[in-house]
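Trainee: Just passing along the structure, written as structure tokens.
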Amino acid sequence: SKRKKIALIGAGNIGGELAALVQRKDLGDVVLFDIPQKANFAKGKALDLEQNGAVLGYDARITGTSDWKDCAGADVLIITAGIPRKPGQSRDDLVATNLPIIRSVADGAKEHCPDAFVIVISNPLDAMVYEYKRRVGAPREKVVGMAGVLDSARFQLFLAREAGVSVKDLRAMVLGGHGDDMVPVLSACTVNGVPITKLVAKDKLDAIIERTRKGGGEIVGLMGTSAYYAPASAAVAMAESYLLDQKRLLASAVYLSGEYGYNDLYMGVPVIIGAGGVEKIVELDLSEDEKAMLAKSAKSVQGITDVVKSST
Ligand code: APR
């Protein structure tokens with residue numbers, strides 16, 4: 001069958017790393033889309049990446065553009081359009097700037113690639129992916145947000161270092177909104193099946209949970225802009241599961257209609273991603289504590305989602 005097409009909306013830091021990963025995994029050809037003022041930037045980045053492919057031996061075609069027509073027929077759309085955080089900002093602080101941007105992206109995508117599987121990365125994540133789905137009117141199976149894979153990876157890294165084990169053996173899940181009250185699910189956290197509490201003391205666990213919740217902000221504070229290697233890898237894991245029908249179970253922001261007791265809201269929960277997109281939402285038996293944490297996180301997400309819903 002013909003080569004897949006992956007359109008990356010936003011050719012900035014995450015967009016560039018996404019393109020590099022798609023190229024090296026040979027998932028398909030890449031279109032790097034950005035605003036007209038940055039069309040040449042996108043074209044230059046695309047050329048650099050293709051030349052890198054010539055060094056490394058990867059044939060993927062990578063093109064830069066600001067013309068939505070070039071995204072036509074995309075199988076996957078990964079959206080990073082928007083501005084990233086600066087030190088001291090919360091993700092929610094980005095809403096005024098990024099809301100009109102996600103709306104213009106939704107309009108372009110609705111016209112030119114309505115059938116794509118869409119992964120939103122732009123922040124504030126849960127509200128941006130909500131608005132995208134609402135504006136395009138796409139089925140929830142085809143529109144997800146990337147946050148849980150990244151937040152879970154941060155949690156896994158800190159736990160692995162503390163326990164003195166390989167990151168490869170850490171299994172962890174972070175649910176809820178992509179904000180400071182995200183919910184690490186300790187009952188789902190193991191070192192190859194061994195409960196994490198066997199290997200990491202309670203006070204250390206609490207500190208790691210706190211660091212995970214502020215994991216994005218820690219990097220913004222150090223770099224002056226937000227992370228891009230890990231966010232790109234996390235989104236590519238989701239895209240790959242869709243394109244190759246891997247049916248991986250990944251924490252993803254998904255539109256909830258009743259699951260976990262929430263309605264008309266995007267929030268991170270475990271989902272199975274395959275050729276059908278979101279093929280299943282998995283409902284965990286959360287402890288009372290975890291339910292309370294999820295309720296708190298959902299309240300924050302609802303607040304910023306309401307801002308988006310009421311803004312014209
Ligand atoms: N359409 C397409 N691209 C756009 C649009 C638009 N309407 N508006 C802005 N962009 C582009 C910018 O021109 C820029 O090149 O989005 C790109 C964003 O790139 P960076 O500024 O490097 O930001 P990045 O680190 O990639 O993060 C993007 O992801 O994690 C989130 O909080 C982060 O919301 C931010 C987004």
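The values are calculated or read from the model by the stated rules, or taken from the named source; none is laboratory data. Just so we're clear, the structure is a prediction, and the values are computed from it rather than from any experiment. Note that we place each Cβ from the backbone using ideal geometry, even for glycine, and neighbour counts take in every protein chain shown. Areas reflect the complete protein model, heavy atoms only, side chains present, ligands, DNA and RNA absent. Shrake-Rupley method; radii C 1.70, N 1.55, O 1.52, S 1.80 Å.
Trainee: Which links in LYS2/LYS110; LYS198/LYS291; LYS5/LYS214; LYS142/LYS204; LYS45/LYS142 stretch past 32 Å when you go from one Cα to the other?
Mentor: Working: LYS2/LYS110 23 Å; LYS198/LYS291 23 Å; LYS5/LYS214 34 Å; LYS142/LYS204 38 Å; LYS45/LYS142 28 Å.
The answer is LYS5/LYS214; LYS142/LYS204.
Trainee: Run lengths n ≥ 4 of DSSP H only: what is the helix-derived mean residue ellipticity at 222 nm for the chain, with -39500 (n - 2.57) per run over all residues, to the nearest 500? Could the numbers behind the result be given before it?
Mentor: Working: 9 runs with 136 residues, N = 312.
Helices in the chain give a 222 nm mean residue ellipticity of -14500 deg cm²/dmol.
Trainee: Same structure again: Over what distance in Å are the Cα centres of the range 235-312 and the range 47-64 separated?
Mentor: The range 235-312 and the range 47-64 have Cα centres spaced 34 Å from each other.
Trainee: If you place +1 on the Cβ of every Lys and Arg, -1 on the Cβ of every Asp and Glu, and leave all else neutral, what size is the dipole of the range 72-195 about its Cα centre, to the nearest 20 Debye? Mind showing how you got there, number by number?
Mentor: Values: 14 positive and 14 negative charges, 14 e Å.
I would put it at about 60 debye.
Trainee: With the Cα gyration tensor of the range 200-312 in hand, give its eigenvalues times 5 under a square root as the equivalent ellipsoid semi-axes, listed largest first in whole angstrom. Mind dumping the intermediate values first?
Mentor: Details: eigenvalues 109, 88, 70 Å².
For the range 200-312, the semi-axes come out at 23, 21, 19 Å.
Trainee: Next up: With θ taken as phi - 60° and the coefficients 6.51, -1.76 and 1.60, list the Karplus ³J(HN,Hα) couplings across the range 204-217 in order, rounded to whole Hz; mark glycine and proline as x.
Mentor: Each residue's phi maps through the Karplus curve to give 5, 4, 4, 5, 5, 4, 4, 5, 5, 4, 9, x, x, x Hz.
Trainee: Here's a follow-up. Report, in cubic angstrom per residue, the convex hull volume of the C-alpha atoms of the range 54-102. The partial results should precede the final answer.
Mentor: Working: hull volume 7.3 nm³, N = 49.
About 148 Å³ per residue, rounded to a whole number.
Trainee: If you don't mind, another one. So for the range 40-173, Kirkwood radius off the Cα pairs, Stokes-Einstein at 37 °C and 0.692 mPa s: how many µm² s⁻¹? Provide the component values of the computation, followed by the final result.
Mentor: Numbers: Rh = 17.1 Å.
The diffusion coefficient I find is 191 µm²/s.
Trainee: Probe radius 1.4 Å, ligands and nucleic acids left out: which of VAL149, VAL185 has the largest accessible area, and how do the rest follow? Can you show the working numbers first?
Mentor: Details: VAL149 30, VAL185 0 Å².
Correct descending sequence by accessible area is VAL149, VAL185.
Trainee: Taking H as built 1.01 Å from N, whose amide H comes closer than 5 Å to the amide H of PHE117, not counting residues under 5 places away?
Mentor: Excluding prolines and chain starts, which carry no amide H, the hits are VAL76, LEU77.
Trainee: May I ask you to evaluate 6.51 cos²θ - 1.76 cosθ + 1.60, the Karplus curve with θ = phi - 60°, for each residue of the range 186-192 and list the ³J(HN,Hα) values in order in whole Hz, giving x for glycine and proline?
Mentor: Taking θ as phi minus 60°, the curve returns 5, 5, 9, 10, 9, 9, 6 Hz for the range 186-192.
Trainee: Pop out the Kirkwood hydrodynamic radius of the range 1-51 from its pairwise C-alpha distances, inverse of mean 1/r, in Å to one decimal. Mind dumping the intermediate values first?
Mentor: Details: mean 1/r = 0.0914 Å⁻¹.
The Cα-based Kirkwood calculation yields 10.9 Å.
Trainee: Whole number please: convex hull volume per residue, Cα atoms of the range 74-121, in Å³.
Mentor: Residue-normalised Cα hull volume stands at 63 Å³.
Trainee: Rounded to a whole number of µm²/s, how large is the Stokes-Einstein D of the chain at 4 °C and 1.567 mPa s, given Rh as the Kirkwood radius over C-alpha pairs? All intermediate terms of the calculation are to be shown ahead of the outcome.
Mentor: Values: Rh = 19.6 Å.
Calculated translational D: 66 µm²/s.
Trainee: Across the range 106-119, in residue order, what do the Karplus-derived ³J(HN,Hα) couplings come to in whole Hz, using 6.51 cos²θ - 1.76 cosθ + 1.60 with θ = phi - 60° and x for Gly and Pro?
Mentor: Per-residue couplings from phi come out as 4, 5, x, 5, 4, 7, 9, 9, x, 9, 5, 7, 10, 10 Hz.
Trainee: Provide the solvent-accessible area of THR190, counting protein heavy atoms only and rolling a 1.4 Å probe, rounded to the nearest 10 Å².
Mentor: THR190 has an accessible surface of roughly 30 Å² with all protein chains in place.
Trainee: To continue, here is another question. Quick check on the range 162-256: take the gyration tensor over C-alpha atoms, sort the square-rooted eigenvalues as a ≥ b ≥ c, and tell me if it's rounded (a/c under 1.5), prolate or oblate.
Mentor: On the way: a/c = 1.65, a/b = 1.13, b/c = 1.46.
It is oblate, given that a/c is not under 1.5 and a/b is not larger than b/c.
Trainee: Sticking with this one: With no solvent and one equal point scatterer per Cα, compute the Debye intensity ratio I(q)/I(0) for the range 93-147 at 0.14, 0.19, 0.28 Å⁻¹ and report its log10, rounded to two decimals.
Mentor: Log10 I(q)/I(0), no solvent term: -0.30, -0.56, -1.17.
Trainee: Non-local amide H neighbours of LYS280 (under 5 Å, H modeled in plane, Pro and chain starts lacking H): which ones?
Mentor: ILE272
Trainee: Which far-off residues, 5 or more places away or on another chain, put their amide H under 5 Å from the one on MET267, with H placed in the peptide plane?
Mentor: Hits under the 5 Å cutoff: VAL254, LEU256.
Trainee: Just to be sure I understand: if I project the alpha-carbon convex hull of the range 1-88 onto a plane and average over all orientations, what area do I get in nm²?
Mentor: Details: hull surface 24.8 nm².
Approximately 6.2 nm², given one-decimal rounding.
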